[in-house]
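Data first, discussion second: the structure below is written as structure tokens.
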Amino acid sequence: MAIMLGLTLGLLLPQAILAGVTGKISGVVADTETGEPLPGVAVSVVGTKQGALTDENGEYYILNVPVGTYTVKASLIGFAPVDITNVGVSADLTAYTDFTLSKEALDLGKTIVVKAERPLVTKDKTTTVNIVSRDELQQMPVRGYDQVVGLQNSVVRMNSNVDIRQRGGRESLANGPEINLRGGRPSEVAYYVDGFSQQDPLSGISTANINNNAIKEVKVTSGAFSAEYGHVASGIVNVVTNSGSDEYHGNLELISDNPATVVGYDSYDQNWYSGDFSGPIPGLEKAYFFVSGERRWMADRTPSVTTKDVYEKFGLAQYFDEPQRLPNNFLKGWSYQGKLDFQLKENIKLAFNGNGSYDKWQEYRHYFLNPAFIDQVEHTPMYIDKNYGINAKMTHTLNPETYYNLSVSYFMTERTRGDGVLFENYLDYERTNANPEYDFHNLFREGDSLTASDFNPADTGDVDTFVTFYESYWQNFLHRKSSYIGVKGDLTSQVTRAHTLQFGFDFQRHTLRYFENLNSTQGFLSERVNRYGFDSLGNESDSQDFMNNTKHPINLGVYLQDRFEWRDFVVNAGVRFDYFDYKAERLRNLSNPFDPNNTEDANSGTIQLSDLEASKKFTRVSPRLGISFPVSDQTQVYMNYGKFYQRPDLVRLYAGYDFLEARVGAGSYYPFPSPNLEPEKITQYEFGITRQLGEFTAIDIAAYYKDVEGLTQIYHQAAIPYAYDFFANADYGTIKGVDFNLTMRRNRNMSINLKYSLSYATGTGSYAQSTYNIAWKNSQGIPKTTNPLDYDQRHSLIGMFDLRTTKGEGPMLGDMYPLENVGLNTIIQVASGLPYTPMKVYDGVSPNASVQQEPTGGINSANLDWTFTIDMKLEKTFMFGDYKLVPYVWVKNLLNTQNETAAYEGTGKANVSGYLETAEGQVRATNPDTGEEFAYRYDLGQNNPKNYANPRIIYLGLRLSF
């Protein structure tokens, strides 16, 4: 009853909030001479209409302050006014800002100005939070918020490496490695831009891009989250973008690695061109705009440190003008973002926000680099990723203690993948004859010369005439598109000085479309084409019947949260109710899908609507609790607990029923999506302590434990007429670890941040298809034992050092200070190797070799070598009136270290599988007719450049600000 009441109120109240885009300013004002609290002091945020009066205890609070850096003013008749500058407000946190006012200073006739420093101990932090500001982001040798996330505690960056260890059907990404946070799967990290989700609900990944100069703050939450957040299990990445102000501002930035060739270094033709502009909207009062855009071009988007050596060793460098670059591995893209803010009344704000990105890119696959047919590499898969979102938000402040927001949003994400030459021309894929795949040695993709008899077997003339040459196509064609319309609501009220209540809801209705032809060169056949929301030709369609109709799942969340603050003691307590309706039909009888009533009727062997029933609706209640309190003036303890439910990736829920009917009826192996999947459950505990060690230094230690249940994995189902496999809530695991963070605020021009993570991630499966091969080969089902997960990285150490001078600092040369306004930011990363399962040596290179791997140790019981990387950025600032010009040099992998990202399981090496040294390999390599060619090709195949991370890359950048 209580849940239903909360649900009803959540739907009726006109309220909504954007998750985590505002914070709070709070503090105490006292008399300098007596120390007594001062009531009636006017405290205001300069440049805004926000402010408050202190109460009888001298306390004040200002709610709903947008993320940013402000000057806060305190004034009272008879006292000298005080301005505190550099007050930073972060999302969902309180900026504690205390004042002391003096009567004696009144005679000076000036405002007293004090510069605030970011506190080393965050008093109201009840979970692990890392915040990177705009200025810090611009100083760091990174590009994109995803790289910022990769520099936080307990984050593991995984390359998909689809060429060598395909364990789980993982998605490829254009912009680098996937992110695993605190032992969670990639889709367990939620990505928000200005509070709105940027994830593809089908795949769970985010392909959105945001221009660096458009970002105001990146906040990464990796502990327990407040009740406001749903559908997330491991972490939240919240990006807050810039807004317009009373003055016009802008930035232009150019980055390229091509100038490195002037000093003798290789370039990979990686380029960014970006700009933004903001200010007041002409002709309107209290109206502001912000726009930004970025153009990206990369000839080699993921360079390897070994590419040039491999191509030169095997005589391939002659075919490429730039042999250090992976061919057909380009990216060209755009991203754009805009905001409009209107102050309609003193207490009503209206904001419109939009962002989008477009990336067209190709993915180098080593087995397409046929040394005899170099042009074959052009057929490696190509992708287009599109994202755009728009939203509108109204903020209504009812009084200084209460406000509500109402917002509506739309977000769309789309991916197309196909052959690198034909790409989107789906109808051109079909061929009369079978698509040629691999060469004689089953190593590289290779075309075939076709003669008249290939097209007409009856043509038996003396001369079999050459007709055409078939190049080998990438035959899998994929087009998926998902979107949602969302409504969010929130009402926040400071009901007492100690209690801030927040009550809200969020609702999403999705539209999902999916089309995948497993072999598009042979046309349409139900057994090969999984589709919904598309017709048989790949066109979007809402007129399909129940077999292939568009999917429209909905989810609703309602939550209540209380934030209790009393003398630095903070409690965040909340509860969340989630409702999931997949809006799908499911099989009535899993063991007899074609004849659920076991009647042996005439329609057995086909799926009728009567064989299906409505999918189950799920409700979940998840409590959340976070506590923070001081144990001394310089020591803060925090702890939290929470239950979290994450909806499965929606691609695991739906399949076209004509596809399922054809494959199950034929006994063809394929793990089928299932609308029987329940929300995945995670229970998390965390305990942390922050200790200020001195005026400039603090240390934070956090220990966490996560119990994971009901993760998605392949399940084997005995059935009539044939057994089949589908996704079920079959996986579980345990994750635990300790994070250490040492922060030294800038002192004598240097700031330091050291991060160390010790983690243990074990479970029964790393990804939803981790047991793909086992399920295929083992009809008795899948044994369940916990082992280290693929992203179980035991040790990670990150050091960030920033050395920076200001005007007039550094050695003097004549009348000049040549090193003034110079900054050097260096990031050093050291990490233990990722795990793999040691095997007896087998043919680990041939893409479709039929082999039976035999483990020589436990699952993921061996590890790759440790990795070591140094990145740096050196910049100097020049001022020309109101214009700031910043040229800089940015270097990735300064020492050009060869870091391995994958290894062959038989040897543990990244460039030797061991197969050539086996008896079978020797027989093939010493064959008098084909052995030499086989040995050459196999050695080339096992020297896959993608098994290594990026080389040294030197960029030259130039940023102009005004």
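Let me confirm something: among Lys332, Lys349, Lys360, which residue is among the basic types (Lys, Arg), touching a Phe, Trp or Tyr at 6+ places or on another chain (Cβ under 9 Å) and touching a residue at least 40 places away in the same chain (Cβ under 8 Å)?
Only one candidate qualifies: Lys349.
Kindly indicate whether any position in region 361-369 is open to solvent by 40 Å² or more (accessible area, probe 1.4 Å) and either among the small types (Gly, Ala, Ser) or in the same structural domain as Val487 (by the TED database) (or both).
no
Report yes if some residue within region 264-274 is under 22 Å from the mean Cα position of the chain (by Cα), of a type in the set (Asp, Glu) and buried (at least 18 other Cβ atoms within 10 Å of the Cβ); otherwise report no.
Checked against the condition, which is being under 22 Å from the mean Cα position of the chain (by Cα), of a type in the set (Asp, Glu) and buried (at least 18 other Cβ atoms within 10 Å of the Cβ), region 264-274 yields no hits at all.
If we only count strands (runs of 3 or more DSSP E) wholly inside region 431-510, which ones have 2 or more residues that are buried (at least 18 other Cβ atoms within 10 Å of the Cβ)?
Once the strands (runs of 3 or more DSSP E) in region 431-510 are filtered for at least 2 residues that are buried (at least 18 other Cβ atoms within 10 Å of the Cβ), what remains is 477-494.
Kindly evaluate Gly223 against the criterion of being in the same structural domain as Gly881 (by the TED database), in a loop (DSSP other than H, G, I, E, B) and either touching a His at 6+ places or on another chain (Cβ under 7 Å) or closer than 19 Å to Gly150 by Cβ (or both).
yes
Out of (1) under 29 Å from Gly184 (Cβ atoms); (2) open to solvent by less than 30 Å² (accessible area, probe 1.4 Å); (3) assigned by the TED database to the domain that holds Asn753, what's the single condition that is false for Gln138?
Evaluating Gln138 over (1) under 29 Å from Gly184 (Cβ atoms); (2) open to solvent by less than 30 Å² (accessible area, probe 1.4 Å); (3) assigned by the TED database to the domain that holds Asn753 leaves (1) as the failure.
Counting only residues that are within 23 Å of the chain's Cα centre (by Cα) and either surrounded by 20 or more Cβ atoms within 10 Å (Cβ to Cβ) or not basic (Lys, Arg) (or both), how many does region 627-677 have?
11
Limited to region 237-290, what total is found for residues that are in a loop (DSSP other than H, G, I, E, B), closer than 29 Å to Ile953 by Cβ and among the charged types (D, E, K, R)?
3
Suppose we filter region 403-424 for residues that are outside any strand (DSSP E or B) and surrounded by fewer than 23 Cβ atoms within 10 Å (Cβ to Cβ); how many remain?
Here the count works out to 5.
Looking at (1) among the polar types (S, T, N, Q); (2) outside any loop (DSSP other than H, G, I, E, B); (3) in contact with a strand residue (DSSP E or B) (Cβ under 6 Å, 6 or more places away or on another chain), which is the one condition that is false for Gln152?
Going through the list (1) among the polar types (S, T, N, Q); (2) outside any loop (DSSP other than H, G, I, E, B); (3) in contact with a strand residue (DSSP E or B) (Cβ under 6 Å, 6 or more places away or on another chain), Gln152 breaks only (2).
Which ones in region 225-247 are in contact (Cβ under 8 Å) with a residue 60 or more places away in the chain and farther than 17 Å from Tyr192 by Cβ?
The answer is Gly244, Ser245, Asp246.
Is it the case that region 911-931 has a residue that's touching a residue at least 12 places away in the same chain (Cβ under 8 Å), assigned by the TED database to the domain that holds Phe444, under 36 Å from the mean Cα position of the chain (by Cα) and open to solvent by 40 Å² or more (accessible area, probe 1.4 Å)?
yes
Of Val575, Val571, Val558, which residue is open to solvent by less than 20 Å² (accessible area, probe 1.4 Å), β-branched (Val, Ile, Thr) and part of a strand (DSSP E or B)?
Val558
Going by the structure shown, is Thr762 at pLDDT 95 or above and not charged (D, E, K, R)?
yes
Out of (1) closer than 30 Å to Pro630 by Cα; (2) at pLDDT below 95; (3) assigned to a strand (DSSP E or B), the odd one out for Tyr645 is which?
Among (1) closer than 30 Å to Pro630 by Cα; (2) at pLDDT below 95; (3) assigned to a strand (DSSP E or B), the lone unmet condition for Tyr645 is (1).
Residue pairs, Cβ under 9 Å, 6 or more apart or interchain, first in region 45-56 and more than 14 Å from Pro400 (Cα to Cα), second among the acidic types (Asp, Glu). List them.
Val46/Asp83; Gly47/Asp246
Which of (1) modelled with pLDDT of 85 or more; (2) more than 30 Å from Tyr70 (Cβ to Cβ) does Ala214 not meet, given it meets every other one?
(2)
Out of curiosity, is Val67 open to solvent by less than 20 Å² (accessible area, probe 1.4 Å) and in contact with a Lys or Arg (Cβ under 7 Å, 6 or more places away or on another chain)?
Taking the combined requirement at face value, the residue satisfies it.
The values are calculated or read from the model by the stated rules, or taken from the named source; none is laboratory data. What you are looking at is a predicted structure, and each value in this text was computed from that prediction instead of being measured. Reconstructed Cβ throughout: ideal geometry from the backbone, glycine too, with neighbour counts over all protein chains shown. In case anyone asks, the SASA skips ligands and DNA or RNA and just uses the protein heavy atoms, side chains included. Shrake-Rupley method; radii C 1.70, N 1.55, O 1.52, S 1.80 Å.
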